[in-house]
Amino acid sequence: MLKTLIKKQYMELFRSYFVNQKTGQPRSHGKVIGMFVLFGFLMVFSSAMFFLVAAGLGSSLLEMGLGWLYFTILGMLAVLFGTFGSVFNTYAGLYRAKDNDLLISMPIPPGRILFARVSGVYGLSLLYSALVWVPACIYYWAFGSPSVIAVVFDVLLIFVIAFFVSVLTCLLGWVVALIAGKLKNKSFVVVLITLVFLGLYYFVCFKMSDFMTSLIANADAVGNTMKNWFNFLYQLGHAAVGEVVPMLIFTVITFALAAICYYVLSRTFIRIATAKTSEKKAVYVEKTAKQKGVRKALFMRELKHFTSNPTYMLNCGLGVAFMIAVPVLLFINRTKVLMIIAMLSEEMPGNVMTALPLFLAGAMALMAGLNMISTPSVSLEGKSLWILRSLPVRTSTVLEEKANLHFTINEIPIILAVVVSGVILKLDAVSIILALLIATLYNLFIALFGLMMGVSRPNLIWTTEMQPIKQSTNVLLVMLVGWVMTAAIVGLYFLLKVPFSVNIYCTIWVVLLAVMDLLLLKWMRTVGVRKLEEL
Amino acid sequence: MLKIEHLTKIYSETKAVDDLSIHIQPGEIYGFIGHNGAGKTTTLKSVAGILQFNEGEIYIDGKSIKKEPLACKKITAYIPDNPDLYEFMTGIQFLNFVADVFEVPAEVRQARIHEYAEKLELTEHLAQSISSYSHGMKQKLALISGWIHEPKLVIMDEPFVGLDPKAAFTMKEMMRELCDRGSAIFFSTHVLEVAEKLCDKVAIIKSGQLIRSGTMEEVRGDESLESVFLELED
């Protein structure tokens with residue numbers, strides 16, 4: 001029974017690889033292979049980035065004989081990335097799955113349903129944490145001096161670390177579920193709690209990095225401190241270089257934590273999963289509603305969908321929080337930042353400092369690229385797509401308003417961030433305008449490109465909204481293309497050593513982006529409309 | 001009001017609807033009967049402009065659904081068998097959304113929402129999230145949203161499924177009243193007794209083909225609709 005449940009859970013995770021989400025028909029062998037090749041490419045690409053990080057750390061630490069520290073830092077990064085990758089899934093995946101009622105009604109012990117759900121969380125945790133841990137191990141095996149037992153432990157730790165990540169994410173999902181059931185406006189509260197958690201987590205990791213830096217400088221002196229205060233990570237580091245006792249300690253503690261976590265979750269699973277809500281019944285007060293135009297009605301519908309779903313907000317709108325945080329942090333640390341800029345200007349004359357507007361535009365693009373509101377919006381229509389298809393609205397208007405929501409939600413913080421940052425960085429008006437234009441057109445590009453992917457490869461058959469939002473190749477592809485685009489905007493300036501001013505370079509990008517946006521808009525109004533109407 | 005001419009819809013290699021023609025006049029309640037998978041829902045969805053069809057034409061109030069889909073949809077309401085509504089909205093938000101799209105003036109919509117919600121005993125639930133609604137409540141809400149723009153043609157797929165007897169009675173009253181004002185209703189049903197009592201005309205479809213249609217008297221003759229239906233099915 002458990003095997004069947006776990007199989008079902010993983011079939012949901014990888015359904016899009018085997019079944020055409022549009023037609024519900026199985027994919028041909030060739031297409032399945034193609035999907036996995038694409039998936040593999042994305043994994044290799046992401047791993048390559050972490051390999052570079054591992055190489056940066058490993059080149060000095062491994063030479064100093066501090067392999068354990070190398071693994072401690074990268075282990076921490078793996079936990080961080082794994083948690084970041086799967087944390088948003090747990091609440092929706094564990095407690096809000098559409099088939100919860102069906103499974104609970106069957107003669108299945110609730111603990112097994114939970115186990116199968118948690119196995120899905122584990123799968124994602126494994127995927128994300130391995131993206132960091134595996135390249136770290138490869139670098140160590142290639143350039144360190146690993147023993148056979150170290151290699152064996154490194155491989156085993158891939159799975160143990162994922163357990164630890166699952167514990168963290170499941171506990172957070174549980175806390176969110178407990179609180180969310182008792183609140184009004186729970187979507188925003190869930191988002192807020194998660195953001196606070198992430199903020200704290202990043203803060204701790206940021207401080208941990210400082211600690212690690214000083215540790216490299218005074219390895220012997222702080223070694224004992226590490227052992228005393230960060231014993232768990234210390235054990236991980238030592239386990240990874242092949243020490244048996246730390247391996248046992250790290251593994252036993254992780255499994256003990258996992259067992260406690262599972263026990264706590266299983267005690268409350270049915271109650272939380274079946275609880276409707278403890279919200280007070282809203283009382284209907286009859287009043288004349290203001291009549292809205294069709295476009296506004298469609299826009300408000302999209303906005304309502306976005307703001308009513310914490311999974312959607314967190315996964316596809318997290319960049320907004322960063323975009324708001326950047327100018328605030330820049331303002332708080334403006335004196336320091338200006339001093340660093342002045343220092344860099346003296347030490348690095350030439351195009352690095354003159355490229356500040358480009359950096360600003362690139363930073364905004366990077367953050368805006370984290371937001372993929374339009375990408376899952378077609379899939380999220382799910383079984384209620386009939387409503388839009390039966391209403392007297394143009395399909396192009398529907399698509400435009402989906403893109404419009406994406407654009408609007410990002411554009412307000414973009415304007416705020418670019419203008420405030422530009423003023424703090426003492427950029428001239430033209431530079432600020434160019435940075436703003438690049439960020440704006442890039443924002444529109446992601447909105448339209450995401451929609452193009454969403455309407456071309458929709459998934460209208462899902463058991464939780466998490467599937468089109470999170471477990472979607474579309475989202476990964478759009479993110480990847482966004483990153484490549486951002487790297488191109490900033491990197492080509494230095495790579496090509498352009499002989500003209502940064503303002504001219506920015507203007508060229510403005511034109512390029514505008515052309516791409518127009519082409520995408522044309523595609524959306526023609527092919528996109530046809531594709532949506534055929535669904 | 002509705003003219004379906006030689007409608008053919010093919011899924012992969014299967015003909016779901018095969019050369020189907022039906023004409024419905026204003027004021028008529030037209031029942032559509034057939035076994036599971038006979039092609040009823042495909043036909044209704046094609047009329048509602050949700051599905052594209054391979055051959056034939058559909059005219060609503062003289063306008064082609066292919067050539068003027070928006071004009072057709074503007075005067076039509078579609079209520080599916082399993083109303084998957086926007087669970088992220090409350091009942092009243094959904095009704096206002098639909099009313100906005102149909103450009104129903106504020107005062108008019110308020111009066112209609114008041115009237116129909118009272119009739120269907122849904123008023124006190126309108127501020128609740130649709131996600132908390134039962135199937136029957138969703139069906140009632142879909143019904144109100146369909147009636148909110150006073151459509152000339154209503155297409156309903158198994159409208160009585162999930163409704164309690166009182167709501168079913170109210171719905172039949174609403175259907176008759178709407179048709180008395182000149183609209184037409186085309187609906188599918190498995191409940192032959194309802195079809196017999198409510199419909200002015202019926203059509204029986206089997207494997208995508210129309211096998212009998214006309215007034216109730218023409219179709220059933222001296223027998224009951226059930227016996228005619230069962231005979232034709234054999």
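The values are calculated or read from the model by the stated rules, or taken from the named source; none is laboratory data. Remember, it's a predicted structure, so these values are computed and weren't measured experimentally. Virtual Cβ from ideal backbone geometry, glycine too; neighbours counted across all protein chains shown. Just so you know, the surface numbers come from the protein's heavy atoms only, side chains and all, with ligands and any DNA or RNA stripped out. Shrake-Rupley method; radii C 1.70, N 1.55, O 1.52, S 1.80 Å.
May I ask you to say which residue of B:Met216, B:Met137 is of a type outside the set (Asp, Glu), outside the structural domain of B:Gly56 (by TED's automatic domain parsing) and more than 21 Å from B:Lys45 (Cβ to Cβ)?
Working: B:Met216 fails: outside the structural domain of B:Gly56 (by TED's automatic domain parsing).
Answer to the check: B:Met137.
Give me the pairs: first residue in the range A:102-116 and open to solvent by 10 Å² or more (accessible area, probe 1.4 Å), second residue hydroxyl-bearing (Ser, Thr, Tyr), beta-carbon distance under 8 Å, and six or more apart or on different chains, which are they?
Qualifying pairs under 8 Å: A:Ile104/A:Thr274; A:Pro110/A:Ser266; A:Gly111/A:Ser266; A:Phe115/A:Tyr262.
What's the number of the condition A:Ser396 fails, among (1) open to solvent by less than 10 Å² (accessible area, probe 1.4 Å); (2) within 14 Å of chain B (Cβ to nearest Cβ); (3) over 19 Å from the mean Cα position of the chain (by Cα)?
Of the numbered conditions (1) open to solvent by less than 10 Å² (accessible area, probe 1.4 Å); (2) within 14 Å of chain B (Cβ to nearest Cβ); (3) over 19 Å from the mean Cα position of the chain (by Cα), the odd one out for A:Ser396 is (1).
Taking the range A:23-57 as the search range and keeping residues that are hydroxyl-bearing (Ser, Thr, Tyr) and more than 30 Å from A:Glu533 (Cα to Cα), which one is modelled with the highest pLDDT? Let's see the steps before the verdict.
Pass one, the range A:23-57, residues hydroxyl-bearing (Ser, Thr, Tyr): A:23, A:28, A:46-47.
Now drop any that are not more than 30 Å from A:Glu533 (Cα to Cα), which leaves A:46-47.
Details: A:Ser46: 78, A:Ser47: 84.
The residue in question is A:Ser47.
Evaluate the following for A:Asn459: is it more than 30 Å from A:Gly120 (Cβ to Cβ) and either surrounded by 19 or more Cβ atoms within 10 Å (Cβ to Cβ) or of a type in the set (Gly, Ala, Ser) (or both)?
Values: more than 30 Å from A:Gly120 (Cβ to Cβ): no; either surrounded by 19 or more Cβ atoms within 10 Å (Cβ to Cβ) or of a type in the set (Gly, Ala, Ser) (or both): yes.
No: the conditions fail for A:Asn459.
Here is a list: B:Glu118, B:Glu158, B:Glu150, B:Glu124. Which entry is at positive phi and out of contact with any helix residue (DSSP H, G or I) (no Cβ under 8 Å at 6 or more places or on another chain)? So that I can check it myself, show each step before the final result.
Numbers: B:Glu118 fails: at positive phi; B:Glu150 fails: out of contact with any helix residue (DSSP H, G or I) (no Cβ under 8 Å at 6 or more places or on another chain); B:Glu124 fails: at positive phi.
Just one listed residue meets the conditions, B:Glu158.
Would you kindly identify the helices (runs of 4 or more DSSP H) lying entirely within the range B:1-103 that contain at least 1 residues that are within 14 Å of another protein chain (Cβ to nearest Cβ), open to solvent by 20 Å² or more (accessible area, probe 1.4 Å) and of a type in the set (S, T, N, Q)?
Numbers: elements: B:40-47, B:69-74, B:91-101.
Of the helices (runs of 4 or more DSSP H) lying wholly inside the range B:1-103, those with at least 1 residues that are within 14 Å of another protein chain (Cβ to nearest Cβ), open to solvent by 20 Å² or more (accessible area, probe 1.4 Å) and of a type in the set (S, T, N, Q) span B:40-47, B:91-101.
Name the residue, out of B:Met156, B:Met175, that is at pLDDT 90 or above, under 20 Å from B:His114 (Cβ atoms), open to solvent by less than 30 Å² (accessible area, probe 1.4 Å) and out of contact with any Lys or Arg (no Cβ under 9 Å at 6 or more places or on another chain). Spell out how you get there, then give the answer.
On the way: B:Met156 fails: under 20 Å from B:His114 (Cβ atoms).
Exactly one residue qualifies, and that residue is B:Met175.
For the range B:190-210, does any single residue satisfy the condition of being within 14 Å of chain A (Cβ to nearest Cβ), without any contact (Cβ under 8 Å) to a residue 60 or more places away in the chain and among the β-branched types (Val, Ile, Thr)? Full working, then the answer.
Step one: of the range B:190-210, the residues within 14 Å of chain A (Cβ to nearest Cβ) are none.
Taking every residue of the range B:190-210 in turn, none turns out to be within 14 Å of chain A (Cβ to nearest Cβ), without any contact (Cβ under 8 Å) to a residue 60 or more places away in the chain and among the β-branched types (Val, Ile, Thr).
Across the range A:291-311, which residue is farthest from the other protein chains (Cβ to nearest Cβ) among those that are without any contact (Cβ under 8 Å) to a residue 24 or more places away in the chain and of a type in the set (A, V, I, L, M)?
Result: A:Met300.
Which of the residues belonging to the range A:416-435 are open to solvent by 30 Å² or more (accessible area, probe 1.4 Å), closer than 18 Å to A:Ala514 by Cβ and in contact (Cβ under 8 Å) with a residue 24 or more places away in the chain?
Residue satisfying the conditions is A:Val430 alone.
Please specify each residue of the range B:154-180 satisfying the condition of being hydrophobic (A, V, I, L, M, F, W, C) and not in a helix (DSSP H, G or I).
Step one: list which residues in the range B:154-180 are hydrophobic (A, V, I, L, M, F, W, C), which gives B:154-156, B:160-161, B:163, B:167-169, B:171, B:174-175, B:178-179.
Once the filter is applied, which keeps residues that are hydrophobic (A, V, I, L, M, F, W, C) and not in a helix (DSSP H, G or I), the range B:154-180 yields B:Val154, B:Ile155, B:Met156, B:Phe160, B:Val161, B:Leu163.
Please identify the pairs in which a residue from the range A:312-330 that is within 22 Å of A:Thr90 (Cβ to Cβ) has its Cβ atom under 6 Å from the Cβ atom of a residue that is surrounded by 20 or more Cβ atoms within 10 Å (Cβ to Cβ) and basic (Lys, Arg), counting only partners at least 6 apart or on another chain.
Filtered contacts from the range A:312-330: A:Asn315/A:Lys470.
Looking at A:Glu401, A:Glu465, can you tell me which residue is of a type in the set (Asp, Glu) and open to solvent by 30 Å² or more (accessible area, probe 1.4 Å)? Show your work before the answer.
Details: A:Glu401 fails: open to solvent by 30 Å² or more (accessible area, probe 1.4 Å).
Criteria check complete, one pass: A:Glu465.
From (1) open to solvent by 30 Å² or more (accessible area, probe 1.4 Å); (2) assigned to a loop (DSSP other than H, G, I, E, B), pick out the condition that doesn't hold for A:Ser374.
(1)
Spot the failing condition for B:Gly136; the list is (1) within 14 Å of B:Gly91 (Cβ to Cβ); (2) within 14 Å of chain A (Cβ to nearest Cβ), and only one is missed.
B:Gly136 satisfies all of (1) within 14 Å of B:Gly91 (Cβ to Cβ); (2) within 14 Å of chain A (Cβ to nearest Cβ) except (2).
With the requirement that a residue be open to solvent by 20 Å² or more (accessible area, probe 1.4 Å), without any contact (Cβ under 8 Å) to a residue 60 or more places away in the chain and within 24 Å of the chain's Cα centre (by Cα), what does the range A:131-174 give you?
Listed by number, the residues that qualify are A:Ile158, A:Phe159.
Within the range A:493-520, how many residues are in a helix (DSSP H, G or I) and either over 26 Å from the mean Cα position of the chain (by Cα) or loosely packed, with under 15 Cβ neighbours inside 10 Å (or both)?
Residues of the range A:493-520 that are in a helix (DSSP H, G or I), as a first pass: A:493-495, A:502-520.
From what is left, the residues that are either over 26 Å from the mean Cα position of the chain (by Cα) or loosely packed, with under 15 Cβ neighbours inside 10 Å (or both) are A:493-495, A:502-512, A:514-515, A:518-519.
Of the residues in the range A:493-520, 18 are in a helix (DSSP H, G or I) and either over 26 Å from the mean Cα position of the chain (by Cα) or loosely packed, with under 15 Cβ neighbours inside 10 Å (or both).
Pairs under 6 Å by beta carbon, first residue more than 7 Å from chain B (Cβ to nearest Cβ) in the range A:269-287, partner open to solvent by 70 Å² or more (accessible area, probe 1.4 Å) and modelled with pLDDT under 75, six or more apart or different chains?
Filtered contacts from the range A:269-287: A:Ser278/A:Lys182; A:Glu279/A:Lys184.
With B:Ala167, B:Ala127, B:Ala106, B:Ala184 as the choices, which residue is open to solvent by less than 40 Å² (accessible area, probe 1.4 Å), in contact with a strand residue (DSSP E or B) (Cβ under 6 Å, 6 or more places away or on another chain) and at pLDDT below 90? Please lay out each step first, then the result.
Details: B:Ala167 fails: in contact with a strand residue (DSSP E or B) (Cβ under 6 Å, 6 or more places away or on another chain); B:Ala106 fails: in contact with a strand residue (DSSP E or B) (Cβ under 6 Å, 6 or more places away or on another chain); B:Ala184 fails: at pLDDT below 90.
Going through B:Ala167, B:Ala127, B:Ala106, B:Ala184 in turn, just one is open to solvent by less than 40 Å² (accessible area, probe 1.4 Å), in contact with a strand residue (DSSP E or B) (Cβ under 6 Å, 6 or more places away or on another chain) and at pLDDT below 90: B:Ala127.
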